[in-house]
Amino acid sequence: MIGRQGTAACLAALVYATPAWASGVEHVVDDSAVETPGTCHVENWATLYRGGAGVAVTGPACTRARWPNLEIGGYASHGWDGRMQETQIALSPKWNVRDEKRGLGIALHATAALDAGRGRLAAASLVAPFTIPAGRLRFNVNIGADWTRSAGYQAFAGAQVETTLCNTLTAMAEVFAHDSGPAGQQVGLRWTPGGGRMDVDVAYGRYLDGVAPHGVSLGLTVRR
């Protein structure tokens with residue numbers, strides 16, 4: 001049986017793991033791109049795990065036309081595991097250092113999440129996403145570190161490949177890992193109707209939070 005302290009640690013990991021590096025809704029590995037200057041979006045997604053655990057997230061972000069390399073965003077997340085619940089509110093700015101149109105995209109993505117129930121810092125991260133475009137393929141690599149109140153400091157690394165199947169459909173596969181615990185994997189599809197004003201995502205992953213062996217995610221992003 002998992003004790004209360006162990007349950008809290010697992011729940012904190014569940015709530016924090018995915019929003020920290022969101023390359024669009026439930027993706028864990030980030031890309032170097034920011035939202036189109038002058039555009040805002042709201043990402044909404046949920047991941048469900050076996051045993052009744054899950055996490056639901058909503059995250060707005062905008063890139064102003066006068067600051068075309070800076071995406072200012074954040075999210076609110078709520079996680080549950082049958083015994084405990086936790087809500088986090090986070091700020092998550094992203095700076096595009098080098099545009100991927102130059103052959104290699106580079107960015108810096110920082111996140112700081114507050115435990116809304118206890119009023120204290122719950123997690124933080126700093127990740128450098130790299131993007132290499134290659135025709136219908138797009139490769140993303142992440143190197144960084146994060147801190148959670150339950151696990152302390154850990155290094156993070158991940159890799160992702162995206163492929164354009166047609167004008168409105170993209171497939172994704174990614175792997176990622178921390179210093180300890182099993183490596184995570186995820187595959188997914190993204191449908192983008194309406195000329196890019198909306199994304200609909202579905203994905204299946206293993207060890208998304210480093211604890212649960214299976215997870216299914218659904219997401220919706222709306223831009224304006």
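Computed quantities for the displayed model
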| quantity | calculated |
| --- | --- |
| Helical mean residue ellipticity (222 nm; -39500 (n - 2.57) per DSSP H run of 4+; nearest 500) of the chain | -2000 deg cm²/dmol |
| Answer label, with volume of the Cα convex hull per residue in Å³ calculated from the coordinates and candidates [x] 156; [y] 122; [z] 107 | [z] |
| Probe 1.4 Å, all protein chains present, accessible-area order of 139, 176, 130, largest first | 139, 130, 176 |
| Solvent-accessible ranking of 191, 45, largest area first, probe 1.4 Å | 191, 45 |
| Degrees separating the helix 4-17 axis from the principal Cα axis of the chain, which is the longest one | 0 degrees |
| Solvent-accessible surface (1.4 angstrom probe) belonging to residue 108, in square angstrom, nearest 10 | 80 Å² |
| Charge sum, other residues only, whose C-beta stays under 11 Å from residue 115's C-beta, Lys/Arg counted +1 and Asp/Glu -1 | +2 |
| Distance (nanometres) between label positions extended 7 Å along Cα→Cβ at residue 216 and residue 159 | 3.0 nm |
| Average accessible surface area per residue within the chain, 1.4 Å rolling probe, Å² | 48 Å² |
| Residue 134/residue 85 FRET efficiency (R0 35 Å; Cβ-Cβ; nearest 0.05) | 0.25 |
| Neighbourhood charge, 12 Å Cβ-Cβ cut-off, centred on residue 51 and excluding it, Lys, Arg +1 and Asp, Glu -1 | +1 |
| Rel. contact order, % - alpha carbon contacts under 8 angstrom, at least six apart, the chain | 19 percent |
| Cβ-defined net charge surrounding residue 194, 12 Å radius [Lys, Arg +1; Asp, Glu -1] | +2 |
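The values are calculated or read from the model by the stated rules, or taken from the named source; none is laboratory data. If you're wondering where the values come from, they're calculated on a predicted model, not measured in any experiment. Virtual Cβ from ideal backbone geometry, glycine too; neighbours counted across all protein chains shown. Ligands, DNA and RNA are excluded from the accessible area calculation, which covers all protein heavy atoms including side chains. Shrake-Rupley method; radii C 1.70, N 1.55, O 1.52, S 1.80 Å.
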